[in-house]
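Working notes for the structure below.
The values are calculated or read from the model by the stated rules, or taken from the named source; none is laboratory data. Since we're looking at a predicted model, the values are computed, not measured. For neighbour counting, all protein chains shown are included, and Cβ atoms are generated from backbone atoms with ideal geometry for every residue, glycine included. Calculation scope for accessible area: heavy atoms of the full protein, side chains included, ligands and nucleic acids excluded. Shrake-Rupley method; radii C 1.70, N 1.55, O 1.52, S 1.80 Å.
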There are 2 protein chains.
Amino acid sequence: MKRSLETIAYNQDTEALARFAKALGHPTRIAIIKHLENQSCCFTGDLVEVFPLAQSTVSQHLKELKNAGLIQGELKPPKIKYCINKDNWNKAKALFQEFFD
Amino acid sequence: MKRSLETIAYNQDTEALARFAKALGHPTRIAIIKHLENQSCCFTGDLVEVFPLAQSTVSQHLKELKNAGLIQGELKPPKIKYCINKDNWNKAKALFQEFFD
DNA sequence: ACTACCTATCGTAAATTTACGATTGATATT
DNA sequence: AATATCAATCGTAAATTTACGATAGGTAGT
């Protein structure tokens, strides 16, 4: 990517907002979150049935959402229950709200 | 990218939200928008001075924001004045608001 | 017409993203 | 201990993104 030598230091809110936005920057991930909002929680397998995507692909999208902090997984053997991470969700909500005035 | 044969058809709001989110998914673009909110408008050259990025890189980021509909450019020869596109901004705002409840 | 100025576009390279199938790992059940 | 189930991870390929310098284009002033 041929980056400039010094990484640009944006303020924290800017970085955080961009990170959240990036995580939401794919329709499948928006749809996953919407699904989680309806169901409150769900298992990976549920999503694999809902979306015409490979299991590994769904897993990858979940990982991105988890890395961004928007969701969290809880072990419910042999399944994994995913829910929205309320704390970070509220953080994201506040950042977007502020951003849009 | 080895896409599945049939493209997934998400509903329009989902697609639109993802498109907006993607455009906002880079700290430089968040910073550009914040700059535009402060100044109400600005020229490409202003931004080139603000950010330690090549002129072409700034131009590219502006293009992405423009493609997403979040900003618009107005010819003010020999400069180009960029402003937030109010209509689409409000659309984005509404979509994010609804998304976050 | 020529020049100067500003910005978009082109060509490029490297990193990242998105998708898949195959494999691995972890836990519950037999 | 062996098996079954579910989901993460690995390896992979193709597309996209991000960045740069160089070039092209469009307008105003000379």
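Across segment A:71-86, what is the total count of residues that are away from DNA strand C (no atom under 16 Å from the Cβ) and either among the hydroxyl-bearing types (Ser, Thr, Tyr) or within 14 Å of another protein chain (Cβ to nearest Cβ) (or both)? Before you say what the answer is, go through the steps one by one.
Our first condition is that a residue be away from DNA strand C (no atom under 16 Å from the Cβ); within segment A:71-86, this holds for A:72, A:83-86.
Checking which are either among the hydroxyl-bearing types (Ser, Thr, Tyr) or within 14 Å of another protein chain (Cβ to nearest Cβ) (or both) leaves us with A:84-86.
Residues flagged as away from DNA strand C (no atom under 16 Å from the Cβ) and either among the hydroxyl-bearing types (Ser, Thr, Tyr) or within 14 Å of another protein chain (Cβ to nearest Cβ) (or both) within segment A:71-86 amount to 3.
Restricting to segment A:1-33, what's the tally of residues that are more than 7 Å from chain B (Cβ to nearest Cβ), open to solvent by 60 Å² or more (accessible area, probe 1.4 Å) and modelled with pLDDT of 90 or more?
Adding up the residues that qualify gives 4.
Quick check: anything in segment A:43-55 within 13 Å of chain B (Cβ to nearest Cβ), among the acidic types (Asp, Glu) and free of Cβ contacts under 8 Å to residues at least 60 places away in the same chain?
no
What residue, of B:Phe43, B:Phe51, is within 12 Å of DNA strand D (Cβ to nearest atom) and either surrounded by fewer than 19 Cβ atoms within 10 Å (Cβ to Cβ) or over 16 Å from the mean Cα position of the chain (by Cα) (or both)? First the steps, then the outcome.
On the way: B:Phe43 fails: within 12 Å of DNA strand D (Cβ to nearest atom).
Testing whether each residue is within 12 Å of DNA strand D (Cβ to nearest atom) and either surrounded by fewer than 19 Cβ atoms within 10 Å (Cβ to Cβ) or over 16 Å from the mean Cα position of the chain (by Cα) (or both) leaves just B:Phe51.
Here are some residues: A:Lys63, A:Lys79, A:Lys22. Which one is basic (Lys, Arg) and farther than 22 Å from B:Ala21 by Cα? Before you say what the answer is, go through the steps one by one.
Details: A:Lys63 fails: farther than 22 Å from B:Ala21 by Cα; A:Lys22 fails: farther than 22 Å from B:Ala21 by Cα.
After ruling out the rest, the residue left standing is A:Lys79.
If only one of B:Ala68, B:Ala92 is within 11 Å of chain A (Cβ to nearest Cβ) and touching a residue at least 60 places away in the same chain (Cβ under 8 Å), which one is it?
From the options B:Ala68, B:Ala92, the qualifying one is B:Ala92.
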